[in-house]
Amino acid sequence: MEELLKIEQLQVAFSTEEGPVEALDGVELTILQGTFHGLIGETGCGKSVTGQAILGLLDNNALIKGGRILYRDQDLLRLSPRKIERTIRGKEIAMIFQDPGSSLNPLFTIKNQIEEAIRLHRKAPAEKREEMVLQALKQVKLPDAENLMYRYPHQLSGGMKQRVMIAMMLACNPKLLIADEPTTALDVSIQAQFIKVLKELKEKLSLTVLYITHDLAVISELCDYVSVMYAGRIAENLSMRDLFKDPRHPYTIKLVNSVLGATTTLDQLEEIPGSVPRLINPPGGCRFHPRCEEAIPVCSQEAPPLREIKANHSVACHRR
Amino acid sequence: MNSTLVEVRNLKKHFPSPAGPVKAVDGVNLKIEKGTSFGLVGESGCGKSTLIRVMLKLLEPTDGKVFFRGKDITGYGFRQMRPLRKEMAMVFQDPHLALNPRMTVFDIISRPLKIHGLARGKGELMVQVVETLKAMGLQTEHMIRFPHELSGGQKQRIGVARALVVEPEIIFLDEPTSALDVSVQTKILKLLDKARRERDLTFFFISHDINLIRVVADTMGVMYLGKIVETGPKEILLEDPHHPYTRGLFAAVPEPDPDKIITEIKLTGEVPSPVNPPDGCNFNPRCPYVQSRCREIEPELKELADGRSVACHLY
């Protein structure tokens, strides 16, 4: 399969009052055309920052210290903000966010907002736009699209708004979608409907998605490949099947075993001692070593590089 | 069997709104047996948090009764409730908001002891605080810290410690781990479980997370639009959910296992507004088995032979 997006050694720091925060420290991952790629990790591990870096959406106090983000062989980090806005964002790579309520403008109708996106990114005559809006809304299975498009965001539920976001994205026909925790604000029954829509789009349109979440159960429903992040670094890149059947990094193993499933008991659940380090002063060497039961002296001295252990499976651990 | 510690009969809480009363809790019946762990699941807006607040008399019910140890406490005022606050403790959802940022951990945990006059002198206070901290896996040195110096998981353990320190009969837990990462969730759940066993406590959990309730509860209840639709022993409900909503809800939970994929969407549509709930059974617009009587007659919560109760005309 063709590589659509490749992140190499990405380093991002934020300047704060307390000092620089090394949010990303050498992130490496590759997204293949037509696949769903999960990016998982706990709060503050840098998964959202990674998504924002791809689209040039980082906050003003962010500093990109190194690395490359290759999209079809062009380095997105070298493009001017204006160029990204005109040629990449929305058109080639689109993004949807956790809170669908704050992603839509409350003052405009759904039709208005989707049409605006089409106008900006696609050459389509005005009279065809309405049809494109309708088609996009139907693709995400929104009922009664003809009337729904004249509604305002506050008249829709959270699940519907999130589907409008997907429709808006589809109307512009991007090659890659970045979805940052899109179902976290939704109830399970609405989440199940949303997942189903995404699965259908995957089959029909061979969409490529970078799916950012902390929820391993959702990953198992949707993704083909997964990158596990811990404290600003990639711990492991692997297939979704390997994530559950053959995880190698001690953090990945613990993470998988701490997720509640339908058959787990309290005794089976593993806990990870300690808590996620603050990135203002991260531990030296492997950033997981203070919480790792398998740590050896070298773990506190040298950061382990990502090494390939088999096809589509690389791990950053001195013990593997 | 056990004795009933808390009982709720036809409890209602309606909030006024310009569009008419919001029926957040609309006729809930349930019993919590002493020494058990009752877990109530429901989606956002189903009224579970309001229910907990009415049961604790933090909100006045619109109708219905709340019993504690067989005594009707519905009409109790602030003063009458005070001794009961020692018996009915609560742990809140968001540990970042539940702790006073200007108090040290010692102040936070010792405050309920002082209020209820449970410790004589500073020495005794100190002993009890330290013991409770240890039970929650924290050290003595944490006493002098402020909440902002602690991680989310540690803060929630302080929240639990504050509830435990007065040795209550029952602890109400409102989504105690939903603000936490999975890696720290396990620790809280295990500490809670241990505390319950050692102190013979009763728990009342509410959560939107069915897998969480499954792990922590012995008795399970399912709430939909202000009403309990099904309740009973956990094993029975999980093995063979009866109410169409319970079935749909359980089937919608994604499993962290690539071999188990959600194949069928059983719950379609959205939850109706609690301002204007449907007539009859309030699940009828989304129910795949709907019959004409479901649109007219509200089904009552009936006890079945296997020990569960279900509010559905099919049973």
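Bridges between two residues of the stretch B:161-245, per DSSP, are antiparallel at a rate of about 55%. Taking trypsin sites (Lys or Arg not before Pro) across the stretch B:76-131, the ones in a DSSP loop with at most 15 further Cβ atoms lying within 10 angstrom of their Cβ are B:102, B:120.
Taking the inverse of the mean reciprocal distance over all distinct Cα pairs, the Kirkwood hydrodynamic radius of chain A comes to 20.7 Å. Expressed in units of 2.2 N^0.38 Å, where N is the residue count, the Cα radius of gyration of chain B is 1.05. Distance distribution note for the stretch B:161-228: the fraction of Cα pairs above 14 angstrom is 61%. Taken over the protein assembly as shown, the alpha-carbon convex hull comes to 173 cubic angstrom per residue.
Taking a ≥ b ≥ c as the square roots of the eigenvalues of the alpha carbon gyration tensor, the stretch B:32-116 is oblate, as a/c is not under 1.5 and a/b does not beat b/c. Across peptide B:183-194, the mean count of Cβ atoms from other chains lying within 10 Å of each residue's own Cβ comes to 5.
Please say if the stretch A:115-211 is rounded, prolate or oblate, where rounded means a/c under 1.5 for a ≥ b ≥ c the square roots of the C-alpha gyration tensor eigenvalues, and otherwise the choice is prolate for a/b larger than b/c and oblate otherwise? Note, shape of the stretch A:115-211 comes out oblate.
Exposure proxy ranking for A:276, B:127, based on other Cβ atoms within 10 angstrom of each Cβ and starting from the fewest, stands as B:127, A:276. The overall shape of the stretch B:42-201, judged from the alpha-carbon gyration tensor, is oblate: a/c is not under 1.5, and a/b is no greater than b/c. For residue B:59, the residues 5 or more places off, or on other chains, whose built amide H falls under 5 Å of its own are B:54. Among the GluC sites (Glu not before Pro) within the stretch B:222-315, those in coil by DSSP and having at most 10 neighbouring Cβ atoms inside 10 Å are B:264. Between residue A:126 and residue B:261, the FRET efficiency from the beta-carbon distance, with R0 = 51 Å, is close to 0.75.
Among the GluC sites (Glu not before Pro) found in the stretch A:279-320, those both in a DSSP coil and sparsely packed, with 14 or fewer other Cβ atoms within 10 Å of their Cβ, are A:293, A:294, A:302.
The stretch B:88-107 and the stretch B:206-248 have Cα centres spaced 29 Å apart. Reported to the nearest whole Å, the Cα centre-to-centre distance from the stretch A:254-291 to the stretch A:17-37 is 20. For the stretch B:6-24 and the stretch A:55-120, what is the centre-to-centre distance using only Cα atoms, to the nearest Å? Comparing the Cα centres of the stretch B:6-24 and the stretch A:55-120, I get a distance of 44 Å. Ellipticity at 222 nm from helices only: DSSP H runs of n ≥ 4 in chain A, each -39500 (n - 2.57), divided by the residue count, give -8500 deg cm²/dmol.
Simple point charges give the picture: +1 on the Cβ of Lys and Arg, -1 on the Cβ of Asp and Glu, and for the stretch A:108-173 a dipole about the Cα centre of about 200 debye.
When each of the peptides B:154-161, B:23-30, B:283-290 is scored by how many other beta carbons lie within 10 Å of its residues on average, the order from highest to lowest is B:154-161, B:23-30, B:283-290. In the structure shown, the pairs B:57/B:227; A:161/B:190; A:123/A:202; B:12/B:86; B:71/B:155 are assessed against 28 Å; a Cα-Cα span above that value is assigned to A:161/B:190; B:71/B:155. Electrostatic tally near residue B:31: other residues with Cβ closer than 10 Å to its Cβ, Lys and Arg +1, Asp and Glu -1, net -1.
Averaged over peptide A:179-191, the number of partner chain Cβ atoms lying within 10 Å of each residue's Cβ comes to 4. If you restrict to DSSP beta bridges whose two residues both lie in the protein assembly as shown, what percentage is antiparallel, to the nearest 5? The answer is about 60 percent antiparallel. Each Lys and Arg adds +1 at its Cβ and each Asp and Glu adds -1 at its Cβ; summed about the Cα centre, the stretch B:185-315 shows a dipole of about 320 debye. Relative to the longest principal axis of the Cα atoms of chain B, the long axis of helix B:105-115 makes an angle of roughly 80 degrees. Scan chain A and report its longest stretch carrying no chymotrypsin sites (Phe, Trp or Tyr not before Pro) that are both in a DSSP loop and have at most 16 other Cβ atoms within 10 Å. Segment A:151-320 is the longest.
Shielding by partners for peptide A:209-219, expressed as the average number of C-beta atoms from other protein chains within 10 Å of each residue's C-beta, is 2.
Values quoted throughout were computed directly from the atomic coordinates according to the rules given, and no laboratory measurement underlies them. Since this is a predicted model, take the numbers as computed values, not measurements. Cβ coordinates were reconstructed from backbone atoms using ideal geometry, including for glycine residues, and neighbour counts include every protein chain displayed.
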